[in-house]
């Protein structure tokens, strides 16, 4: 059996030799004779040979040793990430009173497969109101547009205030109930264009800008005589510019009525624009009541870990892993009843008597101190327990829409649950190769974001999210395009998401922002945004070889073109389309002619955002944008 040699450093003799020759002008500019007969060149070749021999030994380090080395450097693989899903709950048709769904209510995926059940738990309490959203209208200051069909389908974006936002533009929401409108807080989920995974832009460490326009809207409800003000307790959508929850305070007595072009008597809420500071008109895909976000996780309570024997550095293992960050509550009974201990990332700074412990999230291992750094739990029987923790994660939680349909936690009166959009965000534990790839950048950055490469490495290493690509643009401000903005840095983040145009969710952007806030210089203004996309489409006609299957050729070529223009898997190197990478129509010929069944290309045209490109030209893409694949049309001619 051949020995599988890992490639920690792939440089060869020739690579090392070229690097040393390239350094000659910097360190020895008077050295001009670089022929093979020069003794100095012979010495460089000797050093390159010795270096290659050393690298061979380094490359023989087994994976286990390299993983331990990375751990000593403070680099651990990212644990599996749990998927998140928006769940919509429904009570019985006869119910007229609100129904409380407590936090931690567990729902299950229907027919999960051979890997066992997939559970989602609600992250907070939800008050399910006996209401239905029957009418949605937009008002642009001049006319009303009925948006109910578009909102019910949720497939395409529509403008809640019209394509141009002016003062007085409004969104009207008509609710139907079996009785009086309930006097309770109303929760409304906002899904932006692109579904549950899309979001907008946010600033890091600075006052909210026009992308955060919660105070640009006045929310009101019709009480039969006038539009009464409604207090907004929470607006994750930032004035309908992104996705998230809208939570309204309890309203007074409301009356049925008509509004706009709707003829039915309904209970009405509206959002009226009082400050039209939007850079662009906001668009949404769907507004849904009685909906909140849930995590693919299971909560465990009162799990006994074992008995302390009073020795230093005791280690206990939880029954389930990986453990979600910040969810473990650990108790120890030292003869005075259960007392809560505090989790620390390291015990190096803990004092002798402090009740601290560390947690290895991947393995589910709890470790206590040695008496010098951290307290040793007193001897006892079954006196160490996990009061509660949550575990879960992995891509199996990324289930399609409509799959979460079972309520596992009994809630009297609760009848239905479903996920209107696919779950997203679940990812496998990071492999060693991926950790090796990002380790040099993390060590080079030194835990401080100074250069553009530092921002990119730190953004990709944001804990709790999976950012596959990042691009830092110095002197760029997202609200001042084309102008050099001193002190500003815009970071474009591309997540590990499904689809041909992956966009970061609101929670992902906020996580990246918080992470960069901890590492940026105090004089730097950081903005984190999702990428812009330009759709590339190919219209081609090719001639097949006599022994080839035309149908197979067509399917293969359309798939190859979709991969070539993919933002994560496309481009010349197969690592994603480059940021700002120009589109050359001639490259489409290379993809088409790369199929063994194609004899020649009869005709090919490339369109970017609907505009046809000249064969000998190119289409420039802005530095913060990527190319995504449209619907390609390949016609195969058999002769």
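Brief remarks follow.
Yes or no, residue by residue, for (1) in contact with a strand residue (DSSP E or B) (Cβ under 7 Å, 6 or more places away or on another chain); (2) surrounded by fewer than 19 Cβ atoms within 10 Å (Cβ to Cβ); (3) part of a loop (DSSP other than H, G, I, E, B):
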{"site": "380", "(1), (2), (3)": "yes, yes, yes"}
{"site": "402", "(1), (2), (3)": "yes, yes, yes"}
{"site": "416", "(1), (2), (3)": "yes, yes, no"}
{"site": "438", "(1), (2), (3)": "no, yes, no"}
{"site": "468", "(1), (2), (3)": "yes, yes, no"}
{"site": "472", "(1), (2), (3)": "yes, no, no"}
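Residue-by-condition table, conditions (1) farther than 18 Å from residue 181 by Cα; (2) in the same structural domain as residue 134 (by TED's automatic domain parsing); (3) within 31 Å of the chain's Cα centre (by Cα); (4) not in a loop (DSSP other than H, G, I, E, B):
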site	(1), (2), (3), (4)
215	yes, yes, yes, yes
220	no, yes, no, yes
224	no, yes, no, no
239	yes, yes, yes, no
247	no, yes, yes, yes
254	no, yes, no, no
261	yes, yes, no, no
264	no, yes, no, no
267	no, yes, no, yes
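- Selection of segment 491-542 for residues being in a helix (DSSP H, G or I) and out of contact with any helix residue (DSSP H, G or I) (no Cβ under 7 Å at 6 or more places or on another chain) yields 506, 507, 508, 509, 510, 511, 513, 514, 517.
- Identity of the residue in segment 418-433, out of contact with any strand residue (DSSP E or B) (no Cβ under 7 Å at 6 or more places or on another chain) and touching a residue at least 24 places away in the same chain (Cβ under 8 Å), that ends up farthest from residue 126 (Cα to Cα): 432
- Selection over segment 255-294 of residues that are in contact with a helix residue (DSSP H, G or I) (Cβ under 7 Å, 6 or more places away or on another chain) and closer than 30 Å to residue 408 by Cα gives a count of 2.
- Filtered by the rule that a residue be more than 15 Å from the chain's Cα centre (by Cα) and either on the phi > 0 side of the Ramachandran plot or without any contact (Cβ under 8 Å) to a residue 60 or more places away in the chain (or both), segment 446-479 gives 446, 447, 451, 452, 453, 456, 457, 472, 474, 475, 477.
- Residue among 512, 606 that alone is assigned by TED's automatic domain parsing to the domain that holds residue 477, touching a strand residue (DSSP E or B) at 6+ places or on another chain (Cβ under 8 Å) and crowded, with 21+ Cβ neighbours inside 10 Å: 512
- Counting only strands (runs of 3 or more DSSP E) that fall entirely inside segment 550-639 and contain at least 3 residues that are more than 24 Å from the chain's Cα centre (by Cα) and under 29 Å from residue 495 (Cα atoms), the qualifying elements are 598-608.
- Some residue of segment 273-290 being surrounded by 14 or more Cβ atoms within 10 Å (Cβ to Cβ), over 21 Å from the mean Cα position of the chain (by Cα), free of Cβ contacts under 8 Å to residues at least 60 places away in the same chain and under 23 Å from residue 160 (Cα atoms): no
- Taken residue by residue, segment 35-58 has no member that is under 22 Å from residue 428 (Cβ atoms), touching a helix residue (DSSP H, G or I) at 6+ places or on another chain (Cβ under 7 Å) and surrounded by 17 or more Cβ atoms within 10 Å (Cβ to Cβ).
- Residue match in segment 296-319 (condition: closer than 30 Å to residue 190 by Cα and in a loop (DSSP other than H, G, I, E, B)): yes
- Criterion (closer than 27 Å to residue 496 by Cβ, modelled with pLDDT under 90 and outside the structural domain of residue 187 (by TED's automatic domain parsing)) met by exactly one of 106, 67, 26: 67
- Residue match in segment 557-567 (condition: farther than 30 Å from residue 481 by Cβ, at pLDDT 90 or above and out of contact with any strand residue (DSSP E or B) (no Cβ under 9 Å at 6 or more places or on another chain)): yes
- Scanning segment 336-350 for residues that are exposed (fewer than 12 other Cβ atoms within 10 Å of the Cβ) and part of a loop (DSSP other than H, G, I, E, B) turns up 336, 337, 345, 346, 348, 349.
- Test result for residue 326, surrounded by fewer than 17 Cβ atoms within 10 Å (Cβ to Cβ) and either in contact (Cβ under 8 Å) with a residue 24 or more places away in the chain or within 16 Å of residue 378 (Cβ to Cβ) (or both): no
The values are calculated or read from the model by the stated rules, or taken from the named source; none is laboratory data. This one's a predicted model, so the numbers in the text were calculated from it and none came from an experiment. Cβ coordinates were reconstructed from backbone atoms using ideal geometry, including for glycine residues, and neighbour counts include every protein chain displayed.
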